Amino acid sequence: MSIRTICCIGAGYVGGPTMAVIADRCPQIQVTVVDLNEARIAAWNDPDLSLLPVYEPGLDAVVGRCRGRNLHFTTSVEPAIAAADMVFLSVNTPTKTRGVGAGQASDLRWIEASARQVAACAQGHTIVVEKSTLPVRTAATVTAILEAAQGEVAGEAQSKTFSVLSNPEFLAEGTAIRDLEQPDRVLIGGEDSAAIEALAGIYSQWVAPEKILRTNLWSSELSKLTANAFLAQRISSINSIAALCEATGADVQEVARAIGADSRIGAKFLQAGPGFGGSCFQKDILNLVYLCGHYGLQEVAAYWQSVVELNGWQQHRIARLVVERLFGTVTGKRIAVLGFAFKADTNDTREAPAIRICHDLLEEGAQLALYDPKVSEAQIQADLGEGSWQRSETVLEAACGADALLVLTEWAEFRQLPWPELAAVMRKPAWLFDARAICDAEAARAAGLNLWTVGKG
Ligand code: UDX
Ligand code: ADP
């Protein structure tokens, strides 16, 4: 089975870059990305490639090469589905906010709606690929919806048939194009070997065969949630040890280096900090917790729940510690918060540790001066609401009159700050709280600042 046309439903953070790379690597395949959101599609079609709706290094070049050739963005969903040999479902699956499972389970209304659309519009045989991160056994729902339409006669054409595959995406923000072009692995779950080989054939255009893993549907769906849960668990684990280091005189970076040298543990994802943020980790673990509860595995649910709880604890701990060091009160004191994004090199603030830490400090009466090179005032406003905070244009402006600097995002510029200049404009005794352990501690101390570093004290 050779694939000539692909339709991707959902032109978001996952669908857009993934389809752009497939189109780039497979010039013989026509790839159409559809979305109901007209503004988003217009942005994907903008002649100015700096205005694409997703910012990822290298994405503009890939889109520039393929758009109009074999990569198309449109709001015309039905004809694109009808023409497709393969349809990717790449729609949003946020956490439910109401009803059963609110706050934990995924809201599957967009997956169901898109599956129904495929059921209605597809012609001939169509391979349907789940790209969104989904709860285990969602493929059963998708299959049930598609099977109800199977055998129906589409116009004068032949009856329609479907195969469902799971092909989760592992890309991280800021490195999406590299993660897509040089993946550690590609995961394809399914029961229909012809469909699996058709999708594997696409990836094999640029991915080594041994990196293309084939599993059953449920293993594939579960592996995505598990990968994110394990990554998040490492962060909670190292953050728990950071607190113990601060209490005992150990240094968490030295401990991380020592344990990371063990090839069974590995050196990556052992950077202590203010806790994990981003759109995936918390959402996926809560989803896992909900699934475990659903299957009666309360101890397993509690185990993974504790990873999220430790993350929240770390954030409150940092806010509390700032208050304690500033003589037990921050009422009316100016604190310069350096970094608001959930990690460096993105303007994304979803679940950013800065949000919870700033809320705690505002609750204690602090006046916050927030500096982030990429996050806009409107975004901070959306995250913090009204309160005694303001956005500063530079680190120096934020530091003016401040009692403390609090580093929450690992932006490169925070590695080499002009310490004597900053110390000169701060109120004494002045503090640096380095929750990412990236600042030049000696230079800050030499400039007269008191210092607290995560995992060092
Ligand atoms: C993550 C996964 O990496 C990706 O595979 C999945 O598809 C989506 O979720 P992303 O959310 O973009 O990607 O960010 P990631 O780089 O994984 O960082 C997540 C959070 O963990 C950030 O807040 C980051 O600051 C924090 N982190 C990461 C640490 O605190 N310490 C580390 O050592 C690594
Ligand atoms: P992700 O980060 O998983 O890519 P996003 O929220 O960025 O998620 O993108 C999902 C996209 O899917 C949104 O742009 C949304 O408009 C689109 N979408 C959701 N349901 C449908 C549907 N039934 N048909 C077309 N597009 C849809």
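No value in this document is a laboratory result; all are computed from the given coordinates. Computed from a predicted model, the values in this text were never measured in an experiment. Virtual Cβ from ideal backbone geometry, glycine too; neighbours counted across all protein chains shown.
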The stretch 248-457, relative contact order in percent, only Cα pairs under 8 angstrom and at least six apart counted: 20 percent
By average C-beta atoms within 10 angstrom, highest first, the peptides 221-229, 245-253, 379-387: 221-229, 245-253, 379-387
Sequence-distant residues sharing a close amide H with Phe162 (under 5 Å, placed H): Thr126
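If you take the square roots of the eigenvalues of the alpha-carbon gyration tensor of the stretch 99-229 and sort them as a ≥ b ≥ c, do you get rounded (a/c under 1.5), prolate (a/b over b/c) or oblate?
It is oblate, given that a/c is not under 1.5 and a/b is not larger than b/c.
Kindly work out what percent of the DSSP beta bridges joining two residues of the chain are antiparallel, to the nearest 5. Mind dumping the intermediate values first?
On the way: 3 of 51 bridges.
Given both bridge residues lie in the chain, the antiparallel proportion sits at roughly 5 percent.
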Packing-based order for 27-37, 352-362, using average beta carbon neighbours within 10 Å, highest first: 352-362, 27-37
Part-to-part distance (alpha-carbon centres) for the stretch 58-120 and the stretch 268-321, which is given in Å: 28 Å
Total formal charge among the other residues, if their Cβ is under 14 angstrom from that of Thr75, Lys/Arg +1 and Asp/Glu -1: -2
Ordering of 101-113, 417-429 by packing [mean C-beta count within 10 Å, highest first]: 101-113, 417-429
Spacing of the two label points (7 Å from each Cα toward its C-beta) at Gln150 and Arg445, in nm: 6.8 nm
Given charges at Cβ of Lys, Arg, Asp, Glu: the stretch 5-215 dipole, positive-most of Val62, Leu36, Ala198: Leu36
MRE, 222 nm, helices only [DSSP H, n ≥ 4, -39500 (n - 2.57), over the chain, to nearest 500]: -13000 deg cm²/dmol
Cα gyration tensor shape for the stretch 5-215, rounded if a/c is under 1.5, else prolate or oblate: rounded
Relative contact order of the chain, pairs being alpha-carbon contacts under 8 Å that are 6 or more residues apart, as %: 11 percent
Point-charge dipole on Cβ atoms (K/R +1, D/E -1) for the stretch 60-144, about Cα centre, debye to 20: 160 debye
Prolate/oblate/rounded call for the chain, Cα gyration tensor, a/c under 1.5 rounded: prolate
